[in-house]
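To start, the structure under review is shown below, and the notes come after it.
The numbers here are math on the coordinates, done by the rules we state, and not lab data. All values reported here derive from a predicted model rather than from experimental measurement. Glycine gets a Cβ as well: all are built from the backbone with ideal geometry, and neighbour counts include every protein chain shown.
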Amino acid sequence: MSTSFLYMAMSLDGFIAGPDDSPENPGGDGFMRLHQWMVDASGEIYRPDGPAGKFYDSINDSGAVLAGRRTVEQVDHWGGNHHGVPVFVPSHRPPGPTVANYPLVTYVADGIESAMAQAKAAAGDRGVLVHGAYTAQRALEAGVLDELVISQIPVLFGQGRRLFDVLPNRIELDIIEVVDTPEATHLHYRVRR
């Protein structure tokens, strides 16, 4: 059975994007600071050595992606290829015209539960990687998000887009693992049911 997990890099004060987050400036000002733990000096993403490498691996070992509309549209659906797996986008509005160029991208109009069920079916025994703050919060609310993997970065943004701004109620988590590195503290939680 597939497990769904949110992966997100977050500042210590809870921001996943900096100020001025827009399609012209995806992630906002200072966004790459949140990902320096897996980006080299030239700006290329790489697999970190040591224990942090397994968090990087979990992202790329997933069998499907469930991502929010705002997230996918800001990056033009990753050019139709998020590490070669199907991408499911819960949205009540039809997709824009560029999505026709991306056969691995499917917009799902009948809710987050249906989108997650389709993503899990496509992933098989691999995980479903969840992207997007709003989508993650809706998945938590619906009870279809299984785990959270948060890379907490030692920086205070002070402003931007927060990860958990509109949760409807308290959600309890169980700690699976904590990996502390000089660049980030990687926190892995299971959603308590």
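Scan the helices (runs of 4 or more DSSP H) fully inside the stretch 35-151 and keep the ones with 3 or more residues being under 25 Å from residue 169 (Cα atoms).
69-74, 112-123, 133-142
Each row is one residue, and each column tells you yes or no for (1) within 19 Å of residue 128 (Cα to Cα); (2) touching a residue at least 24 places away in the same chain (Cβ under 8 Å).
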position: 45; (1), (2): no, no
position: 64; (1), (2): yes, yes
position: 78; (1), (2): yes, no
position: 81; (1), (2): yes, no
position: 85; (1), (2): yes, yes
position: 105; (1), (2): yes, yes
position: 108; (1), (2): yes, no
position: 112; (1), (2): yes, yes
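Filter the stretch 84-100 down to residues that are within 19 Å of residue 120 (Cα to Cα), surrounded by 13 or more Cβ atoms within 10 Å (Cβ to Cβ) and of a type outside the set (S, T, N, Q), then give me how many there are.
Count: 6.
Got a sec? Which of 163, 140 is hydrophobic (A, V, I, L, M, F, W, C) and touching a helix residue (DSSP H, G or I) at 6+ places or on another chain (Cβ under 8 Å)?
Of 163, 140, the one residue that is hydrophobic (A, V, I, L, M, F, W, C) and touching a helix residue (DSSP H, G or I) at 6+ places or on another chain (Cβ under 8 Å) is 163.
Output the qualifying pairs, or none if there are none: Cβ atoms under 7 angstrom, residues six or more apart or on different chains, first residue in the stretch 138-153 and touching a residue at least 40 places away in the same chain (Cβ under 8 Å), second residue among the basic types (Lys, Arg) and assigned to a strand (DSSP E or B).
Note: pairs meeting the criteria are 146/190; 147/190.
With the requirement that a residue be within 22 Å of residue 145 (Cα to Cα) and among the β-branched types (Val, Ile, Thr), what does the stretch 1-55 give you?
3, 16
If you check 121, 109, 133, which single one turns out to be hydrophobic (A, V, I, L, M, F, W, C) and either surrounded by 19 or more Cβ atoms within 10 Å (Cβ to Cβ) or in contact with an Asp or Glu (Cβ under 7 Å, 6 or more places away or on another chain) (or both)?
The conditions single out 133.
What single numbered condition from (1) closer than 14 Å to residue 129 by Cβ; (2) in a strand (DSSP E or B); (3) in contact with a Gly (Cβ under 8 Å, 6 or more places away or on another chain) fails to hold for residue 16?
The number of the failed condition is (1).
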